[in-house]
């Protein structure tokens, strides 16, 4: 009996020793494994659309979530998207300049209401489409860099669930963040909302009247609450127009036609025109006043104007510029939710 008891004790001790040894030599958990307590439970993101703006179309397959917006914001500011890691979206789209920087860069402002992108309209569709172009074709993103990162695999999982990191998911995250880049708190907006103590000056009112009437004709292309028709026009910039949208469509009727930029925050987005030829708003107004060059594809409105343009007086030019500056939204360029998360 004593031998049996002794044998049982020995076996028990051997079992415990083996268990302890197994615990000591077990491999640590893989930080890039979905078994590492990652949770896919996205929180809906409440997007506040500025007053009087159109309804924002959000694709059903990319609903906005807190996790998706956070991921998109990180990708926007992270050079990891670039194939060489040399620059990020934010390298060219700088917040203090209303997310613009040079002539080739249209400002990233209220792009959620656009359906055609880039100066020549090369990409049409939704924000997801233009962001996919940026990720795959412009940055040529190496997904391996994202997969090897200590945080991005988890962040993609938390935003989109199973399926890993793809170009399409990176584009969706960027699109979600871009939809938060809505500007509608300029002095002009505050006047529209009838906020106490906010009024246009006499000069700004004169500029408003010029802008929104046939006297100035600005509203035909830059009208509405977005201050852009999101269309393409040849604004009589050159007698021999550049390719413009014609390079994309192949149609001679589209030569010299470029996208109408928004005039919101126009004070912050110099230089002006698709090639940056004008450094100041004064030069832009001078062009529309005396510098138009007719051409076969020039917009009919431009052809209908007197030779050279509208011929504004010095007082009218000053009033137009004063009104344009009421479209500056300082809260947009100072919004911490749009700044770098790093």
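Tell me the angle of helix 314-324 to the major Cα principal axis of the chain, expressed in degrees between 0 and 90 and rounded to the nearest ten.
For 314-324 against the chain, the angle is about 20 degrees.
Would you work out if the range 66-182 is rounded, prolate or oblate? Take a ≥ b ≥ c from the square roots of the eigenvalues of the alpha-carbon gyration tensor; rounded if a/c is under 1.5, else prolate when a/b is larger than b/c, oblate otherwise.
Here the range 66-182 falls in the prolate category.
For a footprinting-style exposure proxy, rank 92, 218 by other Cβ within 10 Å, fewest first.
Lowest count first: 92, 218.
Quick one: angle between helix 66-77 and the longest Cα principal axis of the chain, in degrees between 0 and 90, rounded to 10, please.
The answer is roughly 70 degrees.
Modelled label-to-label distance, residue 129 and residue 339, 7 Å Cα→beta-carbon offset: nm?
3.5
For the ranges 116-123, 240-247, 197-204, what's the packing order if you count other beta-carbon atoms within 10 Å of each residue, average per peptide, and put the highest first?
116-123, 240-247, 197-204
What is the order of 229, 84, fewest Cβ neighbours within 10 Å to most?
Fewest to most other Cβ atoms nearby, the residues stand as 84, 229.
Among rounded, prolate and oblate, which fits the range 165-250 when a ≥ b ≥ c are the square roots of the eigenvalues of its C-alpha gyration tensor, a/c under 1.5 means rounded, and a/b larger than b/c means prolate?
Oblate, because a/c is 1.5 or more while a/b does not exceed b/c.
Can you give the Rg and Dmax of the range 187-331 based on its C-alpha atoms, in angstrom?
15.7, 52
Work out how much length residue 200 to residue 136 would gain on full extension: take 0.36 nm times their residue separation and subtract the Cα-Cα distance, in nm to one decimal.
18.5 nm
Any idea what the alpha-carbon Rg over 2.2 N^0.38 Å comes to for the chain?
My calculation over the Cα atoms of the chain gives 1.39.
For residue 43 and residue 149 in the same chain, what is the full-extension length gain: residue separation times 0.36 nm, less their Cα-Cα distance, in nm?
Contour length minus the Cα-Cα distance gives 35.8 nm.
Determine the calculated [θ] at 222 nm for the chain from helices alone, applying -39500 (n - 2.57) to every DSSP H run no shorter than 4 residues and normalising by the residue count; nearest 500 deg cm²/dmol.
Roughly -10000 deg cm²/dmol at 222 nm, from the helical runs in the chain.
Subtracting the Cα-Cα distance from 0.36 nm times the residue separation, let me have the gained length for residue 104 to residue 162 in nm, one decimal.
Taking 0.36 nm per residue and subtracting the Cα distance, the gain is 17.2 nm.
May I ask for the angle, rounded to the nearest 10°, between helix 2-25 and the longest principal axis of the chain, with both axes built from Cα atoms and the value confined to 0 to 90°?
20
Values quoted throughout were computed directly from the atomic coordinates according to the rules given, and no laboratory measurement underlies them. This is a predicted model, so every value here is computed, not measured. With ideal geometry, Cβ positions are generated from the backbone for all residues, glycine too; neighbour counts draw on all protein chains shown.
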